[in-house]
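Everything on this sheet refers to the single structure shown next.
The values are calculated or read from the model by the stated rules, or taken from the named source; none is laboratory data. Values in this document were obtained by computation on a predicted structure and should not be read as measured data. We place every Cβ from the backbone using ideal geometry, glycine too, and count neighbours over all the protein chains shown. Calculation scope for accessible area: heavy atoms of the full protein, side chains included, ligands and nucleic acids excluded. Shrake-Rupley method; radii C 1.70, N 1.55, O 1.52, S 1.80 Å.
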Amino acid sequence: MSGRDLGAVDREIARLLTRGVTSSSPDHRELWDAFARAADGGKRFRPALLTATHGALGGVREEAAVQVAAALELLHTAFIVQDDVIDGDLMRRGVPSLPGSFAQDVRQRGASPAGARRYGDAAGILAGDLGLLAAFRAIARCEAPAPVVDRLLDLVETTVHDSAVGELADVRLQLDLRSEPQADQAGQASQASQAEQSTALRDALVVAEFKTAVYSFQFPLHAGALLADADEATLVALDEIGGLLGIGFQLYDDLLGLFGEERRTGKSALGDLREGKRTALIAHATTTAQWPQLQPLLGRPDLDAEDAHRARALLTDSGSRTWAEELARWHLTSAVSSAIRHRLPDALVHALSTATEEILRTADLLLPPQPPSAPGPEADPADSLPADPTDEDTSPHRTPAFQASTRGTPAHRSPATTGSSS
């Protein structure tokens, strides 16, 4: 996104946030001001992806693209605020999250810890609701023809529904963390155990698609294309590409949540481990010999730095970290290969390449290097990736566990297809 587009999106976000203050109630103003602060800053990569897609496909509705891009940023903020409630995160990027700031305020005024937490959660839920409403309203009133607006509203509605499904599934997966099957005395898992492990792996990847890919990548690509009057084949291709980008992005985000340095990432270095967050990385670890040692360390609210270091070492020694990094990189590079295969315009391929390179560069910068060690049996790089992502066999892993995890499940849904055809 050019500096001019970025400035236009920021101005539109400010306008939307200013229009949101319509009540004289101090409580409403406090809630909306807190939401506005949560929406401030950030890289705006979702709006950038939307406007870049629109421009690369020859779109001429620049004003509408900026308006929808700004609405998407409000949608993103609403999801973040409510995700903080769901995950119990009182901090974000080194400062109190919206729920955390409200809880902190009433705690300082004498509320009990439980009462303060309840108040903060209520503020997060309600502020998120207000943000969702503002995003819908902005898209409904954007400067695009009525048929295009109808398709955009179908898209955002389906996106919110799918994202809600992803959030709920993410929480549900954590409930089953300690019920993972164990290997028998001979060290070989039964067929039933292998099936359950493969299901866990597949479910983790599906959550990554629904929770992240749908709104962070498929939505901006699809919305930008709709505003440019793209044909149905292009829309379907962009949904596939968005799925690949989103899963790759989420896999790296999960890695940063476990291995990244808190002072550099702004993410808690203990949160995901204490929460026992079920990611593809953890699902893969259940298939390794290190799992019996790793399992008791996950989902412990009192996990300390020493045990967290031990958990990270086990994830590294098992080969699960290498597996997740390779799988993330495969998804991202495959997104660009898909754009080339679908013969998308050069300008769009360039925009997608730039987005992919930025994600990879950030991951390389923030992920500490792995200590030298012998690769585990699950993480032999020669058995992991095809030599060229454009090869006919584009399976990111040829291991039975990964192949079973994706068999029978569409790799990338097209959340907007139904809405687009209405």
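Brief remarks on what is shown
- Test for Val171: is it crowded, with 19+ Cβ neighbours inside 10 Å, in contact (Cβ under 8 Å) with a residue 60 or more places away in the chain and either in contact with a Gly (Cβ under 9 Å, 6 or more places away or on another chain) or not aromatic (Phe, Trp, Tyr) (or both): no
- When residues of the stretch 74-89 are limited to those that are open to solvent by 10 Å² or more (accessible area, probe 1.4 Å) and among the acidic types (Asp, Glu), the one modelled with the highest pLDDT: Asp83
- Across the stretch 324-374, the qualifying residues are those that are surrounded by fewer than 16 Cβ atoms within 10 Å (Cβ to Cβ) and within 22 Å of Gln290 (Cα to Cα), and the one among them that is modelled with the lowest pLDDT is Ala374.
- Flag if Gly224 is small (Gly, Ala, Ser), modelled with pLDDT of 95 or more, under 17 Å from Arg361 (Cα atoms) and surrounded by 24 or more Cβ atoms within 10 Å (Cβ to Cβ): no
- Residue count, the stretch 134-157 (criterion: farther than 29 Å from Asp33 by Cβ, open to solvent by less than 60 Å² (accessible area, probe 1.4 Å) and not charged (D, E, K, R)): 5
- Given (1) open to solvent by 10 Å² or more (accessible area, probe 1.4 Å); (2) over 18 Å from Leu175 (Cα atoms); (3) touching an Asp or Glu at 6+ places or on another chain (Cβ under 7 Å), number of the condition Gln295 does not satisfy: (2)
- Test for Pro113: is it modelled with pLDDT under 95 and over 23 Å from Thr18 (Cβ atoms): no
- Here Val68 fulfils each of the conditions (1) out of contact with any Cys (no Cβ under 7 Å at 6 or more places or on another chain); (2) surrounded by 23 or more Cβ atoms within 10 Å (Cβ to Cβ) apart from (1).
- The stretch 236-249 residues that are over 7 Å from Ala213 (Cβ atoms), paired with ones that are outside any helix (DSSP H, G or I) and among the small types (Gly, Ala, Ser) (beta carbon under 7 Å, 6 or more apart): Val236/Ser414; Asp239/Ser414; Asp239/Ala416
- Selection count where residues are surrounded by fewer than 21 Cβ atoms within 10 Å (Cβ to Cβ), touching a residue at least 12 places away in the same chain (Cβ under 8 Å) and part of a helix (DSSP H, G or I), scope the stretch 90-115: 3
- Test: residue in the stretch 58-72 that is among the basic types (Lys, Arg) and assigned to a helix (DSSP H, G or I): no
- In the stretch 29-44, the qualifying residues are those that are open to solvent by less than 40 Å² (accessible area, probe 1.4 Å) and either free of Cβ contacts under 8 Å to residues at least 60 places away in the same chain or in a loop (DSSP other than H, G, I, E, B) (or both), and the one that is farthest from Gly100 (Cα to Cα) is Arg44.
- Top-ranked residue in the stretch 238-261 [being within 23 Å of Pro345 (Cα to Cα) and over 12 Å from the mean Cα position of the chain (by Cα); ranked as surrounded by the most Cβ atoms within 10 Å (Cβ to Cβ)]: Leu238
- Qualifying residue in the stretch 307-320 (condition: outside any helix (DSSP H, G or I) and open to solvent by less than 30 Å² (accessible area, probe 1.4 Å)): yes
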